[in-house]
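Engineer: Take this structure first; my questions come after.
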Amino acid sequence: MAEVNGGALLARCLANEGVRFVFGLPSPEIDPLFAALEEHRIRLVPFRHESAGAHMAEGLYKTTGQVAVVVGNPGPGSANLVGGVITARHEGVPMVAITSQHRLGIVYPSLPSTFQGQDQLDVFKPVVKWGGPIFSWDRIPDVVRVAFREMWTGRPGPVHIELPAPVLYATGDGSTVRVSPPKAYRAPLPESSDARIAEVADLLAGAARPLVIAGSGVDRAEANEELLALVDRLGCPVLTSMAGRAVRPLDHPNAVYGLGAGGDLAKRQADVVLILGSRLGNLDLPYDKYWGDPATQRIVQIDIDPRHIGVTRPVAIGIVADVKQALGTLAAALQSRPRPTPAAFLADCRRAADEWWQKQMRVVESWKGPGLHPAHVVQSIGKAFGRDAIYVTDGGFTSLWAYWFLPPTRPRSYLSILELGMLGTGVPSALGAKLGNPGRDVVCVTGDGAAGFHFMEMQSAAREHAKITVVVFAEGSWSMEVPNELMLYGKNFGTEMGTVRWDVVAKGLGCEGMYAESLAEVDAALARARDVPGPVVICVRTDRAANLGVAPDPGMRFAEVYQGPM
């Protein structure tokens, strides 16, 4: 084999791991890698900010399961990347963060005299699962293997590889290094034992009122079919975490909205609760007031990450395993056991959920204007794009209205900030989702505050010919902060953003821009957007009072996420 430089060898290793996208900006320190990508059928996607690149990788993974590489160049570039990597760490998104570095004579340590220099390994250490440098050409395959092994061990997450420029420019004989297929050095995901699954099957088969709660881990494990088969077998309610909206259709006959009266009834009266792929975080209100007696309620939790077991609710059985495998084994074990008959329990929960919903959402039905209610706009978006689209939501109240009123979706097709809560992920995540799903509609629903963080990536969408539709709810305010300030101080401060015509900005970035102030104009713009070949931004002038008009009970529950039980 001919001599190859470190960039070409690294590209070969990344392609071997299934990488098809690298998000990054050129720089002399990283150029040998970028020059070799096309030969290995890896697409380079430049961005306007490194954190946005990480969010592109996030959108790609959450909708396809594909892992991408995100590059931060020396000093400022690597610093910019940190925020996006923190999001990936918190949300279980695997990605390879590669930081390029200067020549060895001026770094390790990076002295004050080094232009664009910093000790990047120290910066990234707290926010990745694993990180390490590569100091010689021949170690590139070895360190890449370590990084990918660590990335996929347990709950996926970001890893960090640092590459000083001389390593990428160095050359060697490619035949002298081993680039092994992943199955040659990575073990399968952990599997549940038959004995533990038998215990779970006995509990569920003997339950009078079983309940299943599913999180986004079901989506990531691609265990959606197994989940629905289980709840059909049990005939029980199925709730989802806030982050797990897409794991089962909203209109499934066993589905119950988890953060209302129906979910309360289910959690309080269930004698056996099976939690799948969820850490049951504060967004899901794991407080005693919403649950049954811990002394008698039996909770089983199955998760790929041992740190998630029993974090907020005491468990009777905790299993660290791949959710898909565990559900498959559980289904087989239940076949030889009696089928539970909790039909009345399911009916009671659904009835309570429906009554609660109708009461709480009267604020939407009763809205007569004159301005646009964000929920009405969300409903129009759902009618225009339907349940086969990928929806990416971003913002404060905007994320809640979208959560409540967008249609049911397919698995891995609803992305939101309702995990870490990082504003600004919407536009770049939508672009990443579109790159991985070129044949599907991708729609980003975002508030104007959130849109401002990475709106420049609309220019990236235009450059990459990525047809995404972004609907910006524009009212010129950090509206979610308004109620607390008024309640405590009787005034608002720092919440006024001013008016931005996002459609006009979009046109300057090479996108189609549209503006709407009425529901008829919204519907017309959405219809036009379907026919535009490139990216579209629709700026919708929503009403601030309507956006603030969340019903008291849902509003109180969201406040409890921050304040604790009230």
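Bear in mind that the values in this text are calculations on the coordinates, not laboratory data. All figures in this text were calculated on a predicted structure; none of them were measured in a lab. Reconstructed Cβ throughout: ideal geometry from the backbone, glycine too, with neighbour counts over all protein chains shown.
Engineer: Can you tell me the length gained on complete extension of the stretch ALA2 to LYS507, counting 0.36 nm per residue apart and subtracting the Cα distance?
Structural biologist: 177.0 nm
Engineer: Less than 16 Å from a label point 7 Å out along the Cα-to-Cβ axis of TYR169: which backbone N atoms in the stretch 22-43 qualify, by residue?
Structural biologist: Hits in the stretch 22-43 for TYR169 at 16 Å: 27-35.
Engineer: Using only the Cα atoms of the stretch 3-184, each taken as one equal point scatterer with no solvent, compute I(q) by the Debye sum, divide by I(0), and report log10 of the ratio at q = 0.10, 0.11, 0.16 Å⁻¹.
Structural biologist: -0.33, -0.40, -0.90
Engineer: For the stretch 59-142, build the charge dipole from Cβ charges (+1 Lys, Arg; -1 Asp, Glu) around the Cα centre, then report which of GLY131, GLY117, GLY105 sits farthest towards its positive end.
Structural biologist: Most positive-ward Cα: GLY131.
Engineer: Return the FRET efficiency for the residue pair ALA545, THR176: r is the Cβ-Cβ distance, R0 is 60 Å, and the value is rounded to the nearest 0.05.
Structural biologist: 0.30
Engineer: In 5 Å bins starting at zero, report the fraction of Cα pairs in the stretch 362-550 per bin as a rounded %.
Structural biologist: 1, 9, 18, 22, 22, 15, 7, 4, 1, 0, 0
Engineer: Tell me which aspartates and glutamates have Cα within less than 13 Å of LYS289's Cα, excluding those fewer than 8 residues away on the same chain?
Structural biologist: Hits, sequence-local ones excluded: ASP264, GLU560.
Engineer: Relative to the present Cα-Cα distance, how much length would full extension add between LEU189 and LEU104 at 0.36 nm per residue of separation?
Structural biologist: Result: 26.8 nm gained on full extension.
Engineer: Which one of PHE34, GLY53, GLY65 has its Cα pushed farthest toward the positive end of the charge dipole of the stretch 18-70, where Lys and Arg give +1 and Asp and Glu give -1 at the Cβ?
Structural biologist: Going by the charge dipole, the pick is GLY65.
Engineer: Rounded to the nearest 0.05, what FRET efficiency is calculated for ASP31 and THR341 with R0 set to 51 Å and r the Cβ-Cβ distance?
Structural biologist: About 0.20, to the nearest 0.05.
Engineer: Ranking request for peptides 155-167, 365-377: highest mean number of other beta-carbon atoms within 10 Å first, then the rest in descending order.
Structural biologist: Going by the mean number of other Cβ atoms within 10 Å, highest first, we get 155-167, 365-377.
Engineer: Could you run the Karplus curve 6.51 cos²θ - 1.76 cosθ + 1.60 with θ = phi - 60° over the stretch 11-20 and give me ³J(HN,Hα) per residue in whole Hz, x for Gly and Pro?
Structural biologist: So the Karplus estimates, Gly and Pro as x, are 4, 4, 5, 5, 4, 4, 8, x, 5, 10 Hz.
Engineer: Next question. Kindly provide the helix-only [θ] at 222 nm of the chain, computed as the sum of -39,500 (n - 2.57) over DSSP H runs of four or more divided by all residues, to the nearest 500 deg cm²/dmol?
Structural biologist: -12000 deg cm²/dmol
Engineer: For a Förster distance of 30 Å, can you work out the FRET efficiency between the beta-carbons of ALA524 and ARG387, rounded to the nearest 0.05?
Structural biologist: It comes to 0.85.
Engineer: Moving to a separate point now. Could you calculate the contour length gain from ASN484 to THR312, that is, 0.36 nm times the residue separation minus the distance between their Cα atoms, to one decimal place in nm?
Structural biologist: Going from the current span to full extension adds 59.3 nm.
Engineer: I've got another one for you. Report P(r) for the stretch 148-306: all Cα-Cα distances, bin width 10 Å, range 0 to the bin holding the largest distance, values in whole percent.
Structural biologist: Each 10 Å bin holds this share of Cα pairs: 9, 32, 28, 13, 9, 7, 2.
Engineer: Of all the C-alpha pairs in the chain, what % are more than 35 Å from each other?
Structural biologist: The calculated P(r) of the chain puts 41 percent of pairs beyond 35 Å.
Engineer: Using a simple charge model, +1 on the beta-carbon of Lys and Arg, -1 on the beta-carbon of Asp and Glu, nothing else, what dipole does the stretch 362-550 show about its Cα centre, in debye to the nearest 20?
Structural biologist: Result for the stretch 362-550 is approximately 420 debye, rounded to the nearest 20.
Engineer: Still on this structure: Given labels modelled 7 Å from the Cα in the Cβ direction, how far is it in nm from GLU199 to ARG351?
Structural biologist: According to this spin-label approximation, the distance is 3.7 nm.
Engineer: With just the Cα atoms of the stretch 92-141, tell me how far they stretch along each of the three principal axes, in Å, largest first.
Structural biologist: Largest first, the stretch 92-141 extends 37, 27, 12 Å along its Cα principal axes.
Engineer: I would also like to ask the following. If you count, for each residue, the other Cβ atoms within 10 Å and average over each peptide, how do 482-488, 15-21, 223-229 line up from highest to lowest?
Structural biologist: Sorting 482-488, 15-21, 223-229 by mean packing, highest first, produces 223-229, 15-21, 482-488.
Engineer: Could you tell me, in Å, what Rg and Dmax come out for the Cα atoms of the stretch 370-463?
Structural biologist: Expressed in Å, the Cα Rg and Dmax of the stretch 370-463 come to 12.6, 40.
Engineer: Treat every Asp and Glu Cβ in the chain as -1 and every Lys and Arg Cβ as +1, leave all other atoms uncharged, and give the resulting dipole magnitude about the Cα centre to the nearest 20 debye.
Structural biologist: For this selection, approximately 700 debye.
Engineer: If packing is taken as the mean number of other Cβ atoms within 10 Å per residue, what is the order of 517-528, 394-405, highest first?
Structural biologist: Listed from highest to lowest mean packing, they are 394-405, 517-528.
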